[in-house]
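*Asks:* This structure is in structure tokens; I'll ask about it shortly.
Bear in mind these aren't lab numbers, they're just calculated from the coordinates by the rules spelled out. Since we're looking at a predicted model, the values are computed, not measured. Quick reminder, even Gly has a Cβ in these numbers, built from the backbone with ideal geometry, and neighbours come from all protein chains shown.
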């Protein structure tokens, strides 16, 4: 039985090597990126048994992604290869830590063809958690239908659903995004939005009030990521702010939210109380920002414990 199953698109990532701006770049580094596979990698590095489900082109890029994710200890046995549609790709400009620009080329990708027929229910139905994001339903109608059916199957089989809205406004109109994401929130047990996403969905800028609206929408638990201010969590019976971990410099903010999700789910799997699970989530997110790349900074358990120990000692000295 898997600890976590996650479903979604991974793409080839090109980052300029000679200049942060695409218009001047002559050479690029090649890697992979995808919110769901980032979470899978983060959980695998923390010692959990994770499976990732997706579609990839039957091309060299698809093989590269398969090999990379498999090499991180994630089960990719359920990933389908597509002879007709290619693996998606994107470019990332890191002009500076607060100005990261991403350009996607994913229309018509293999992952956008994802359907419920691609997913073997017997593979994931006994998992402890199903992790999904709001990116997948934005890819196509069939991908949306797949996410809805997965959530309904998870509910019927008592699999806990962790949902990160992960809004990509370039993928669909705002009106449709709000409607679909609110529908998916109503199915989820746990929702992990950022504050900007909470404001987009509910028009509320106060985290405590926004959290209450997520619960009213149907979720059992919400943890709102507040960046440098930490996080706020709320259930029907408990709530509170959790302080952030301070870092000297943010190198690359991309992937911090995925690290947060991996850290939080890891805490739940280890039986931590909510506040401690959020604390772990804050730590993983902070560590991820210290290294360039969408997943490269995600820590193993030893690195995580060392980071949290050092930070706690610094807090005592202050």
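*Asks:* Cut-off is 10 Å between beta-carbons; in what order do 284, 147 appear when sorted fewest neighbours first? Don't skip to the end; give the middle numbers.
*Replies:* Details: 284 30, 147 27.
Going from least to most buried by this count: 147, 284.
*Asks:* How much length is gained on full extension from residue 117 to residue 229, taking 0.36 nm per residue of separation minus their Cα-Cα distance?
*Replies:* Values: separation 112, 0.36 × 112 = 40.32 nm, distance 4.21 nm.
The span from residue 117 to residue 229 would gain 36.1 nm if fully extended.
*Asks:* For residue 313 and residue 155, what is the calculated FRET efficiency with R₀ set at 41 Å and r taken between the beta-carbons, to the nearest 0.05? Walk me through the intermediate numbers first.
*Replies:* Working: r = 43 Å, r/R0 = 1.06.
My answer for the efficiency is 0.40.
*Asks:* If neighbour count is taken as other Cβ atoms inside 10 Å, put 133, 15, 27, 6 in order from fewest to most.
*Replies:* 27, 15, 133, 6
*Asks:* Run the quick spin-label model on residue 296 and residue 179: label points 7 Å from Cα toward the beta carbon, then report their separation in nm to one decimal.
*Replies:* 4.2
*Asks:* To continue, here is another question. Take every DSSP beta bridge with both residues inside the chain and express the antiparallel ones as a percent of the total, to the nearest 5. Kindly include the intermediate steps, with their values, before the conclusion.
*Replies:* Values: 22 of 46 bridges.
Beta bridges within the chain, antiparallel portion: roughly 50 percent.
*Asks:* Find the relative contact order for the stretch 88-131 and round it to a whole percent, using C-alpha pairs within less than 8 Å whose residues are 6+ positions apart.
*Replies:* Relative contact order here is 29 percent.
*Asks:* Something else: Work out how much length residue 26 to residue 98 would gain on full extension: take 0.36 nm times their residue separation and subtract the Cα-Cα distance, in nm to one decimal. Mind dumping the intermediate values first?
*Replies:* Numbers: separation 72, 0.36 × 72 = 25.92 nm, distance 2.34 nm.
Computed gain between residue 26 and residue 98 is 23.6 nm.
*Asks:* So if R0 is 41 Å, what FRET efficiency would residue 67 and residue 209 give, r being the distance between their Cβ atoms, rounded to the nearest 0.05?
*Replies:* Details: r = 46 Å, r/R0 = 1.12.
Plugging the Cβ-Cβ distance into 1/(1 + (r/R0)^6) gives 0.35.
*Asks:* Next question, about the same structure. Of the peptides 123-130, 57-64, how do they stack up when ordered by the mean number of other Cβ atoms within 10 Å, highest first? Could you put the intermediate results ahead of the total?
*Replies:* Values: 123-130: 19.0, 57-64: 17.0.
Going by the mean number of other Cβ atoms within 10 Å, highest first, we get 123-130, 57-64.
*Asks:* Here's a follow-up. Ranked by Cβ crowding within 10 angstrom, fewest neighbours first, how are 66, 21 ordered?
*Replies:* Values: 66 19, 21 12.
With the fewest neighbours first, 66, 21 line up as 21, 66.
*Asks:* Where a ≥ b ≥ c are the square roots of the eigenvalues of the C-alpha gyration tensor, would you call the stretch 4-317 rounded, which needs a/c under 1.5, or, failing that, prolate if a/b is larger than b/c, or oblate?
*Replies:* Details: a/c = 1.38, a/b = 1.10, b/c = 1.26.
In terms of gyration-tensor shape, rounded.
*Asks:* Could you rank the peptides 152-159, 83-90, 44-51 by their average count of other C-beta atoms within 10 Å per residue, with the highest value first? Intermediate values should be presented prior to the final figure.
*Replies:* Numbers: 152-159: 14.4, 83-90: 17.6, 44-51: 21.2.
Going from most to least packed, we get 44-51, 83-90, 152-159.
*Asks:* Continuing with the same structure: Could you check the simple spin-label distance between residue 77 and residue 236, using points 7 Å along Cα→Cβ, in nm with one decimal?
*Replies:* The two pseudo-label positions are separated by 3.8 nm.
*Asks:* Tell me, what is the percent relative contact order of the chain, built from C-alpha pairs under 8 Å that lie six or more residues apart? Working shown, then result.
*Replies:* Details: 681 pairs, mean separation 48.0, N = 318.
This gives 15 percent for the chain.
*Asks:* Only helical DSSP H runs with n ≥ 4 go in: add -39500 (n - 2.57) per run for the chain, normalise by residue count and round the 222 nm mean residue ellipticity to 500 deg cm²/dmol.
*Replies:* Numbers: 11 runs with 125 residues, N = 318.
That calculation yields -12000 deg cm²/dmol at 222 nm.
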